[in-house]
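Taking it in order: structure first as structure tokens, then the write-up.
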Amino acid sequence: MEYHVEPARKVPVTRKVDVIVVGGGPAGLAAAISAARTGAKTVLIEQFGYLGGTATASLMACINGFRNQRPIDPERGAAQVVRGIAQEIVLKLKAMGGLGKSPYSQKEYPTEPGQLEYSYAIDTEKFKFVTLKMCVDAGVEVLLHTWFCDAIVEDNVVRGVLVENKSGRQAMLAGVVIDASGDADVAARAGAPFWQTKHDEQKRLNDQLMYRIEFGSGRPKGGFACDFGSNAVVWGPATGPINAADGDELSKAEVGARLKVYEDFAAKQKEHPELADARVVETPPLLGIRQTRFVEGEYKLTAEDAIQGARFDDVIAISPCAIIHFYGYRRYLEHDGYDIPYRCLVPKKIDGLLIAGRCISSQQQSYESHRAMVNMIAIGEAAGAAAAMCAEAKVAPRKLDVARLQQRLIEQGVELRRGGSAS
Ligand SMILES: Cc1cc2nc3c(=O)[nH]c(=O)nc-3n(C[C@H](O)[C@H](O)[C@H](O)COP(=O)(O)OP(=O)(O)OC[C@H]3O[C@@H](n4cnc5c(N)ncnc54)[C@H](O)[C@@H]3O)c2cc1C
């Protein structure tokens with residue numbers, strides 16, 4: 001390959017803060033809120049003009065994972081194992097009339113604290129508003145339209161990030177950086193070890209373009225996809241597995257999926273004649289990317305952990321969700337949820353960095369469970385509090401006193417099943 005050598009240049013340092021969060025998806029926005037509420041001066045960097053990541057920029061309008069979808073006990077159902085910021089978001093959406101009908105079959109609950117359903121369809125515009133307001137109210141500096149380009153690393157410690165936006169290239173320094181980019185962009189640039197599921201692997205989730213339709217004079221019986229009454233968000237063209245951390249491949253897949261939207265919709269109209277005069281009204285800016293890089297952490301969650309309901313001393317969140325694809329059927333868990341340990345957020349080799357979101361250290365099977373957005377928010381909430389505590393105490397994330405972190409999370413209203421409060 002031919003190369004161009006960029007001349008060295010001085011880059012202005014525009015921020016020096018406690019915590020930088022890269023990526024404003026479900027994990028990143030929760031991390032930023034949690035870090036700021038824990039007292040850290042926090043900057044949240046996001047490429048789009050709003051928060052929500054896959055929920056908004058890829059129109060994935062269905063947020064799952066407060067409890068096991070399948071009742072464990074016919075009397076009590078399954079325990080609600082996620083509260084904290086995820087619960088707060090859903091209750092705020094409810095107050096604004098921002099919840100639709102989820103397509104998943106599930107036991108009904110009244111949607112009150114401790115009484116949430118497995119899944120909710122979310123009004124994506126209200127989700128953008130609620131999450132942005134929560135960040136601003138917590139004191140987060142939200143920096144939109146800004147692209148993370150590179151990590152600033154000294155002696156295997158991340159000291160900050162390089163970003164680009166309309167103002168040009170800038171350096172930003174922080175006590176701790178949280179990689180919530182979904183694709184582990186920061187970890188990869190910083191030299192943390194990671195693995196990647198590429199297109200040639202069979203057992204991985206594919207990527208898919210969601211889109212919104214407006215109903216005409218008829219509508220399919222019962223709930224249809226993520227149902228908002230006059231309109232619904234549907235699962236559209238799937239790409240087949242691609243490597244979305246490769247710029248060329250991502251663009252090619254995006255082009256391919258977009259060119260199939262009307263064909264896909266015509267097939268849905270054929271299957272549901274009630275959609276004859278419905279129409280496509282919105283495609284999101286970004287193809288839905290389910291998985292790319294995974295960072296090697298101090299612990300890698302396993303299929304057995306998820307299936308057997310593992311409990312860990314360093315639990316920071318709980319996942320009750322089914323393993324959706326790996327076994328060729330939806331494998332529901334036979335328990336209320338398994339623990340996600342703090343060590344899955346701590347990358348090997350590199351300090352000054354925490355991982356939040358879909359790229360944490362986890363095998364394919366367990367990932368397919370805790371990838372649900374409610375669990376992503378819970379993981380982000382833990383990463384944010386941890387980063388704030390590390391920055392304040394000037395302690396490397398791998399040296400953090402996890403018992404103190406757990407105490408802090410419980411004070412924030414997080415469910416860790418310490419003292420048996422899940423019900
Ligand atoms: C098609 C599809 C269907 C799904 N179905 C469901 C479902 O029914 N229910 C459910 O709960 N979950 C579902 N999921 C899973 C869920 O949406 C994801 O696992 C979750 O959104 C991951 O959250 P995250 O914050 O880790 O990453 P993301 O949502 O990917 O957010 C990452 C954020 O980082 C930003 N970013 C990335 N790189 C950069 C950069 N270099 N500079 C600046 N910003 C950057 C992005 O813009 C984005 O905002 C689905 C996902 C897909 C793709």
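Please treat every number below as a calculation from the coordinates, not as lab data. The structure presented is a predicted model; accordingly, all values stated were derived computationally and were not measured. Virtual Cβ from ideal backbone geometry, glycine too; neighbours counted across all protein chains shown.
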If every alpha-carbon in the chain counts as one equal scatterer, what log10 I(q)/I(0) does Debye give at q = 0.09, 0.10, 0.14 1/Å? -0.52, -0.65, -1.30
Using alpha-carbon positions, the gyration tensor of the stretch 342-423 gives root eigenvalues a ≥ b ≥ c; with a/c under 1.5 called rounded, otherwise prolate if a/b exceeds b/c, else oblate, the class is oblate
Can you work out ³J(HN,Hα) from phi for every residue in the stretch 57-62, in order, using Karplus 6.51 cos²θ - 1.76 cosθ + 1.60 and θ = phi - 60°, giving whole Hz and x for Gly and Pro? 6, 10, 6, 8, 8, 9
Whole-Hz Karplus ³J(HN,Hα) for the stretch 203-213, in order, using 6.51 cos²θ - 1.76 cosθ + 1.60 and θ = phi - 60°, x for Gly and Pro? 8, 8, 7, 8, 10, 7, 8, 8, 8, 9, 10
Percent of Cα-Cα pairs per 10 Å bin, from 0 to the last occupied bin, for the stretch 208-282, please list those. 19, 47, 23, 11, 0
For the chain, give the magnitude of the charge dipole about the Cα centre (Cβ charges: +1 Lys/Arg, -1 Asp/Glu; no others), in debye to the nearest 20. 400
Under the span-like rule (Cα at least 18 Å along the axis, Kyte-Doolittle mean at least 0.5), DSSP H helices of the chain: 373-393
If the reach is capped at under 23 angstrom between alpha carbons, list the lysines near K94, excluding any in the same chain fewer than eight residues apart. K107, K126, K128, K133
For K221, the net charge from surrounding residues (Cβ-Cβ under 15 Å; K, R +1; D, E -1) works out to 0
Just want the ordering: R293, R67, R330, from fewest to most Cβ atoms lying within 10 Å of their own Cβ. R330, R293, R67
Taking amide H positions as placed in the peptide plane 1.01 Å from N, state which residues far from I178 in sequence (5 or more) or on other chains have amide H under 5 Å from it. I20, V21, V22, L354
Quick one: dipole size for the stretch 260-410, taken about the Cα centre, charges +1 on Lys/Arg Cβ and -1 on Asp/Glu Cβ, in debye to the nearest 20. 460
Long-range amide H partners of E282 with built H, under 5 Å: R212
What is the distance in Å between the Cα centroid of the stretch 40-99 and that of the stretch 17-36? 15
Using a Förster distance of 51 Å, how high is the FRET efficiency between A393 and L259, based on the Cβ-Cβ distance and rounded to 0.05? 0.45
Could you name the lysines in cross-link range of K300, using Cα to Cα under 29 Å and dropping any fewer than eight places away on the same chain? K198, K203, K348, K349, K394, K399
Shape of the stretch 146-187, Cα gyration tensor, a/c cut at 1.5: oblate
5 angstrom amide H check on N231, placed H, neighbours 5+ away: F215
Please build a GNM for the chain, connecting alpha carbons under 10 Å apart, and tell me which residue among Q291, Q364, Q196 fluctuates the most. Q196
Tell me, what is the percent relative contact order of the stretch 208-282, built from C-alpha pairs under 8 Å that lie six or more residues apart? 47
As a test of the formula, what do you get for the chain when each DSSP H run with n ≥ 4 contributes -39,500 (n - 2.57) and the sum is divided by the residue count, at 222 nm and rounded to the nearest 500 deg cm²/dmol? -8000 deg cm²/dmol
Got a sec to turn the phi values of the stretch 146-162 into Karplus ³J(HN,Hα) couplings, 6.51 cos²θ - 1.76 cosθ + 1.60 with θ = phi - 60°, whole Hz, x for Gly and Pro? 10, 10, 5, 10, 7, 9, 9, 10, 10, 6, 6, 10, 6, 9, x, 9, 9
Please state the relative contact order of the chain as a whole percent: Cα pairs under 8 Å, 6+ residues apart? 24
The answer for chymotrypsin sites (Phe, Trp or Tyr not before Pro) in the stretch 2-60 that fall in a DSSP coil and have at most 15 neighbouring Cβ atoms within 10 Å is Y3
Excluding residues fewer than 8 places away in the same chain, name every one of the lysines whose C-alpha is closer than 16 Å to that of K260. K252, K268, K270
With springs only between Cα atoms under 10 Å apart, run a GNM on the chain and tell me which of G168, G23, G114 wobbles the most. G168
Which is the longest part of the chain that has none of the GluC sites (Glu not before Pro) sitting in a DSSP loop with at most 13 other Cβ atoms within 10 Å? 202-333
In nanometres, what is the gap between the two model label sites at K270 and Q115, each 7 Å from Cα along Cα-to-Cβ? 4.6
Here, V281 and Q308, labelled 7 Å along Cα→Cβ, have an inter-label distance in nm of 5.0
